[in-house]
1. How much length would be gained if the chain were fully extended between Y25 and T162, taking 0.36 nm per residue of separation minus their Cα-Cα distance, in nm to one decimal?
2. Within the stretch 166-210, list the trypsin sites (Lys or Arg not before Pro) lying in a DSSP loop whose Cβ has at most 16 other Cβ atoms in a 10 Å radius.
3. Leaving ligands, DNA and RNA out of it, report the carbon-plus-sulfur percent of the accessible area of the chain at a 1.4 Å probe.
4. Quick one: Debye curve from the C-alpha atoms of the stretch 74-166, no solvent, what's log10 I(q)/I(0) at q = 0.13, 0.16, 0.26 Å⁻¹?
5. Can you tell me which of S205, S163, S320 moves the most in a GNM of the chain? Springs connect C-alpha atoms under 10 Å apart.
6. Do any chymotrypsin sites (Phe, Trp or Tyr not before Pro) in the stretch 237-317 lie in a loop, going by DSSP, with at most 15 other beta-carbon atoms within 10 Å of their beta carbon, and if so which?
7. Could you give the nm distance between label points at A258 and D270, where each point is 7 Å from its Cα heading toward the beta carbon?
8. How much net charge surrounds I187 when only other residues with a Cβ under 15 Å from its Cβ are counted (Lys, Arg +1; Asp, Glu -1)?
Amino acid sequence: MSVIALPAGRRAEAPVRVAVVGYGYWGPNLVRNAIERPELELGLLVERDRGRADAFSARVPGVPVTADLDVALDDPSIDALIVATPPRTHHPIVKAALDAGKHVLVEKPLATTSADAGQLVDLAAARDLVLMPGHTFVYSPAVNKVRDLIRDDIVGEVYFVTSSRMNLGKYQPDGVVCDLAPHDISILLYWLDEPVVEVAASARSVFREGVPEAAFITLTFASGTTANVQISWLSPRKIREMVVVGSRRMVQYDDTAADESIRVYDRGMDVTVPENFGEHQLSYRSGDIVVPRLDAHEPLSLELEDFARAIRTGGTPRSSARLGLEIVSAIEAAEASLRRRGAPVAPMGSPQPAVA
């Protein structure tokens with residue numbers, strides 16, 4: 001087992017001192033990046049599991065470990081908490097941290113209900129604290145390249161988006177919708193920059209009633225753009241692919257590709273409207289395929305850098321609390337649609353959909 005060395009030198013500006021809460025599946029990645037980021041200083045780990053705590057101490061000697069969250073909350077030297085615990089624990093832990101005057105980065109989702117998420121957003125605003133959900137994909141160079149293509153009108157009008165996020169496992173008690181859908185919804189909201197107004201979902205529970213392993217979600221956005229998201233823990237191979245279909249270009253984003261994760265296709269159909277009452281003429285367009293160059297940056301490192309910047313400057317992080325609330329509301333609507341056998345549901349606080 002490798003030992004993570006603490007950096008010998010820090011910047012003249014005092015780093016943001018953080019405590020990481022949870023050292024399970026994602027916690028080790030947060031710990032590593034918190035140590036590597038010069039804007040941060042890892043001051044404490046909160047972990048109740050003795051085996052995980054011992055594993056942390058073996059890798060990061062010199063950083064104290066406690067099983068008591070109050071130790072972090074009561075420590076005036078701790079500026080912020082980074083929370084990586086099960087989703088059902090997010091609301092009580094984050095609320096306690098905000099009440100204690102700590103900035104918070106919490107792994108997705110922000111909370112399990114829109115009411116709880118909204119309460120956290122309001123509390124952070126009232127206390128002038130940074131509350132940041134960990135939607136890491138909005139820091140991905142590939143995701144940002146697609147966003148640039150959309151915003152620069154290279155893609156043109158976005159007609160629809162398809163997304164597939166599948167793998168064999170990892171089984172989570174909160175279900176596949178809560179586990180995987182926040183990734184796709186965060187990317188879609190970031191790309192399209194408009195709210196979800198309607199969600200319809202269907203799912204299949206194989207091993208445990210009420211805990212779906214596969215789901216199909218259709219989201220309608222304010223402009224009328226639609227997205228279909230397929231998520232599953234029961235797939236023979238890992239698939240992380242999204243396709244944006246626009247009036248000018250089509251874009252394929254494959255997160256599993258070692259290189260060429262973005263491909264821009266000059267393909268589509270064009271329609272010619274006749275001057276008189278003749279039939280519309282359709283023509284097919286098949287042009288070049290462009291593979292853009294992407295910068296090599298670890299998204300999680302950029303996320304923590306943004307968290308520190310927001311704390312220092314009082315600015316709003318890219319993965320904002322409002323984004324987190326929108327995602328929780330969309331997930332909540334998807335789960336409500338599942339209970340209604342696929343009937344469309346409007347997320348809490350969403351505007352009315354556009355009329356065609």
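The values are calculated or read from the model by the stated rules, or taken from the named source; none is laboratory data. Computed from a predicted model, the values in this text were never measured in an experiment. Reconstructed Cβ throughout: ideal geometry from the backbone, glycine too, with neighbour counts over all protein chains shown. What goes into the accessible areas is simple: the full protein's heavy atoms, side chains included, and nothing from ligands, DNA or RNA. Shrake-Rupley method; radii C 1.70, N 1.55, O 1.52, S 1.80 Å.
1. 46.5 nm
2. Answer by residue number: K170, R208.
3. It is 50 percent, rounded to a whole number.
4. -0.59, -0.76, -1.25
5. S205
6. Here the chymotrypsin sites (Phe, Trp or Tyr not before Pro) that fit, given the DSSP loop and packing criteria, are F277.
7. 3.9 nm
8. It works out to a net charge of -2.
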